[in-house]
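Peer 1: This structure is in structure tokens; I'll ask about it shortly.
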Amino acid sequence: MKDKIKLALCQISSNREKKEANLQKIEELTHSAKNLGADLAIFPEMSLTGYVLHDQIYELAEQIPGKTVQRIERLAEKTGIHIIFGMPELSEKTRGTICNTSVLVGPKGLIGKYRKMYLPTHSVFEEKRYFRPGYEPAVFQTELGNIGLTICYDVFFPEVFRLIRLKGAQLIVCISASPAIRRGYFEILTAARALENTAYLAYVNLSGVEDGLQFWGGSRLISPTGDILAKGKYDEEDFIVCEMDYADLRSAETFIPALRDLRPELFDKLKQYSEQL
Amino acid sequence: MKLTPAELDMDFSTAEKRICRFIKEYVENAGAQGIVLGLSGGVDSALAAGLSSKAIGGKNVLALMLPEKETVKQKDIEDAQTVADQFNLQPQICDMTKVLEGFYESIAVFDPTDRLCKGNIKARTRMIFLYYYANKQNRIVCGTSDKSETMMGYFTKWGDAASDISPIIDLYKTQVRNLAIHLGIPQELALKPSTPALWPNQLAESELEIKYETLDLILFGLERFMEPKEIAIQLGLDSIVVDRVKRRWLSNEHKRRMPLPPKLGFRTVGNDFRLPRHTY
């Protein structure tokens with residue numbers, strides 16, 4: 001495993017319901033990422049289909065592995081780089097159960113997937129109406145290090161990030177479809193999740209407008225000490241290639257020994273009190 | 001939360017940019033040739049027109065001035081013309097008087113003393129003019145409703161509220177005024193007292209019995225789930241005033257929704273038939 005890896009933060013606007021157009025965009029940008037020396041190309045939450053789908057989601061969800069993932073596998077194989085993207089995942093066992101899923105594909109094929117655990121269902125969000133939540137935090141050992149996957153609203157729940165950090169994630173990838181009104185929250189929380197876990201955090205958000213909902217972009221790579229190492233434009237599509245160095249984790253973890261200082265007994269209390277809320 | 005006018009401050013450059021992008025993308029995705037809107041000489045339509053012009057270019061924005069003999073004011077026509085000149089809009093005057101008189105004569109139960117029912121005919125007739133031009137010239141009808149009036153139900157159902165997009169509907173009136181000033185609309189016009197012009201000398205604040213500066217803070221508090229009692233204390237108002245605003249806001253929800261259907265089918269239009277808005 002190499003210490004330094006290059007990430008391409010592919011901050012696209014998805015064409016709503018047009019998978020083919022989105023796949024072409026993903027293919028084009030993955031090739032650009034490869035040409036610029038990137039090891040990993042990251043696309044936003046639901047980048048395959050767009051985010052505001054309502055009942056049309058039932059026509060768009062696919063199994064994983066499935067047709068789209070096979071195409072992304074061919075793309076990863078051809079370019080030799082890793083790809084993370086978001087899509088609605090249809091259960092293998094039912095025909096109407098869907099998860100909001102982040103997919104990690106490498107040059108040798110599908111590495112793993114993460115089903116979003118926290119589904120926002122408030123304000124303009126209606127995810128619990130359509131999605132079954134995930135139950136498993138996801139960390140995958142890859143040639144690019146241990147990568148943990150999270151999605152958007154998960155960022156409000158430090159326990160997900162803590163869990164995947166404790167499972168070994170050194171790079172946490174958070175794909176997102178966050179509307180502009182919430183920008184301030186995400187700017188704070190993404191930095192906090194990186195800092196409190198002393199891990200790299202790559203946040204890749206949609207841009208564009210869907211049904212009047214504007215996504216704010218602002219994708220970023222955050223260092224284990226909470227510094228923004230690279231940042232995309234607000235509101236517009238952008239493509240950012242940036243580098244991270246795992247060697248910096250040692251310095252960060254000694255300077256901010258938050259993991260060393262964890263108090264496991266508090267987690268029992270956390271469970272107890274949250275059940276009593 | 002402290003309910004002060006500062007709560008209604010916003011980054012007007014960002015708001016302008018976002019609204020312009022919203023308008024531009026909608027018009028493009030719909031494959032429309034442009035926008036048509038009613039330009040009254042008031043601040044709401046001036047702002048919607050200015051933003052539309054910045055989004056898609058004034059030459060693509062048809063601004064209909066729709067006077068009728070009972071409510072027409074030369075000052076309003078002049079103000080509308082000022083806005084049309086400022087944003088290079090395509091202005092056109094359509095006098096509605098004859099059409100309205102046709103309605104008055106044709107409705108068997110027409111009551112000229114009932115100014116609200118009569119005034120609503122005017123608002124709905126404006127809508128018919130706008131949609132005629134929209135259909136004929138492949139334009140999008142741009143609504144000019146603001147958040148204060150919409151929350152209060154202070155509009156005509158299927159009249160001024162009827163449109164394809166509502167670019168300023170998430171801005172309270174005081175925010176509309178400030179964004180208008182930010183856009184360079186003359187201050188005198190931006191701060192001019194609002195009127196729906198349904199009958200002569202009608203004034204919004206007199207009818208609503210409250211100043212927009214106060215109303216907007218009450219509505220902002222309600223939007224943020226504040227208790228009416230707390231809003232009243234913070235604003236130094238009698239709680240009856242806040243309760244009245246809240247009642248009016250809630251009782252007018254029927255004006256802001258599609259017609260209510262009885263639930264009979266598997267999925268029901270306007271109820272649980274949830275589909276993306278396809279202009280694509």
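The values are calculated or read from the model by the stated rules, or taken from the named source; none is laboratory data. Just so you know, these numbers come straight off a predicted model, no measurement behind them. Virtual Cβ from ideal backbone geometry, glycine too; neighbours counted across all protein chains shown.
Peer 1: Taking the criterion of being hydroxyl-bearing (Ser, Thr, Tyr), within 23 Å of the chain's Cα centre (by Cα) and on the phi < 0 side of the Ramachandran plot, would at least one residue in segment A:261-277 satisfy it?
Peer 2: Quick first cut of segment A:261-277, residues hydroxyl-bearing (Ser, Thr, Tyr) only: A:273-274.
Imposing the further condition that a residue be within 23 Å of the chain's Cα centre (by Cα) reduces the set to none.
No, that holds for no residue.
Peer 1: Something else about it: Being within 14 Å of chain A (Cβ to nearest Cβ) and free of Cβ contacts under 8 Å to residues at least 60 places away in the same chain: is that true of residue B:228 here? Before you say what the answer is, go through the steps one by one.
Peer 2: Details: within 14 Å of chain A (Cβ to nearest Cβ): no; free of Cβ contacts under 8 Å to residues at least 60 places away in the same chain: yes.
When the stated conditions are applied, residue B:228 does not pass them.
Peer 1: Looking at B:78, B:68, B:101, which is the one that is free of Cβ contacts under 8 Å to residues at least 24 places away in the same chain and more than 22 Å from residue B:20 (Cα to Cα)?
Peer 2: B:101
Peer 1: Tell me, yes or no, whether segment B:267-275 has at least one residue that is crowded, with 17+ Cβ neighbours inside 10 Å, in contact with a His (Cβ under 7 Å, 6 or more places away or on another chain), within 14 Å of chain A (Cβ to nearest Cβ) and not in a helix (DSSP H, G or I).
Peer 2: Of all residues in segment B:267-275, those crowded, with 17+ Cβ neighbours inside 10 Å come to none.
Checked segment B:267-275: no residue is crowded, with 17+ Cβ neighbours inside 10 Å, in contact with a His (Cβ under 7 Å, 6 or more places away or on another chain), within 14 Å of chain A (Cβ to nearest Cβ) and not in a helix (DSSP H, G or I).
Peer 1: Could you list, in sequence order, all residues of segment A:83-113 that are touching a Lys or Arg at 6+ places or on another chain (Cβ under 8 Å) and not aliphatic (A, V, I, L, M)?
Peer 2: Initial filter on segment A:83-113 (touching a Lys or Arg at 6+ places or on another chain (Cβ under 8 Å)): A:89, A:91, A:97-104.
Passing the criteria: A:89, A:91, A:97, A:99, A:100, A:101, A:102.
Peer 1: Continuing with this model, one more query. Being more than 14 Å from every other protein chain (Cβ to nearest Cβ), surrounded by fewer than 18 Cβ atoms within 10 Å (Cβ to Cβ) and farther than 30 Å from residue B:229 by Cβ is the filter here, so list the residues in segment B:2-54 that pass it.
Peer 2: Result: B:12, B:31, B:33.
Peer 1: Examine segment B:231-240 for a residue that is more than 14 Å from chain A (Cβ to nearest Cβ), aliphatic (A, V, I, L, M) and touching a residue at least 24 places away in the same chain (Cβ under 8 Å), and state whether such a residue exists. Steps first, answer last, please.
Peer 2: Initially, segment B:231-240 is screened for residues more than 14 Å from chain A (Cβ to nearest Cβ), giving B:231-240.
Pick out the ones that are also aliphatic (A, V, I, L, M) and you get B:231-233, B:235, B:237, B:240.
Applying the additional criterion that residues be touching a residue at least 24 places away in the same chain (Cβ under 8 Å) yields B:231, B:235.
Yes, because at least one residue in segment B:231-240 is more than 14 Å from chain A (Cβ to nearest Cβ), aliphatic (A, V, I, L, M) and touching a residue at least 24 places away in the same chain (Cβ under 8 Å).
Peer 1: Now for a separate question. When you check residue B:235 against the structure, is it at pLDDT 95 or above and on the phi < 0 side of the Ramachandran plot, yes or no?
Peer 2: The answer is yes for residue B:235.
Peer 1: Under 9 Å between Cβ atoms, at least 6 apart or on separate chains: pull out the pairs that start in segment B:138-163 with a residue that is at positive phi and end on any residue that is among the acidic types (Asp, Glu).
Peer 2: Hits for this filter: B:153/B:253.
Peer 1: Let me ask another. If you go through segment B:158-216, how many residues are assigned to a loop (DSSP other than H, G, I, E, B) and either buried (at least 18 other Cβ atoms within 10 Å of the Cβ) or among the small types (Gly, Ala, Ser) (or both)? Write out each step before concluding.
Peer 2: Looking only at segment B:158-216, we keep the residues that are assigned to a loop (DSSP other than H, G, I, E, B), and these are B:158-164, B:166-172, B:183-186, B:191-203, B:209-211.
Filter once more, keeping what is either buried (at least 18 other Cβ atoms within 10 Å of the Cβ) or among the small types (Gly, Ala, Ser) (or both): B:159-164, B:166-169, B:171-172, B:183-185, B:194-198, B:210.
The total comes to 21.
Peer 1: Also: Pairs under 6 Å by beta carbon, first residue under 19 Å from residue B:277 (Cβ atoms) in segment A:6-34, partner assigned to a helix (DSSP H, G or I), six or more apart or different chains?
Peer 2: Close Cβ pairs (under 6 Å, with a partner that is assigned to a helix (DSSP H, G or I)) amount to A:14/A:22; A:15/A:21; A:15/A:22; A:17/A:56.
Peer 1: Only one residue in B:208, B:217 is closer than 25 Å to residue B:243 by Cβ, modelled with pLDDT under 95 and not basic (Lys, Arg), so which one is that?
Peer 2: B:208
Peer 1: Next up: Condition test on residue A:77, is it without any contact (Cβ under 8 Å) to a residue 40 or more places away in the chain, surrounded by 19 or more Cβ atoms within 10 Å (Cβ to Cβ) and away from chain B (no Cβ under 14 Å)? Full working, then the answer.
Peer 2: Values: without any contact (Cβ under 8 Å) to a residue 40 or more places away in the chain: yes; surrounded by 19 or more Cβ atoms within 10 Å (Cβ to Cβ): no; away from chain B (no Cβ under 14 Å): yes.
Taking the combined requirement at face value, the residue does not satisfy it.
Peer 1: How many residues, within segment A:6-24, are away from chain B (no Cβ under 14 Å), crowded, with 19+ Cβ neighbours inside 10 Å and out of contact with any helix residue (DSSP H, G or I) (no Cβ under 8 Å at 6 or more places or on another chain)?
Peer 2: Of the residues in segment A:6-24, 3 are away from chain B (no Cβ under 14 Å), crowded, with 19+ Cβ neighbours inside 10 Å and out of contact with any helix residue (DSSP H, G or I) (no Cβ under 8 Å at 6 or more places or on another chain).
Peer 1: Now for a separate question. So which residues in segment B:29-58 are modelled with pLDDT under 95 and assigned to a helix (DSSP H, G or I)?
Peer 2: B:29, B:30
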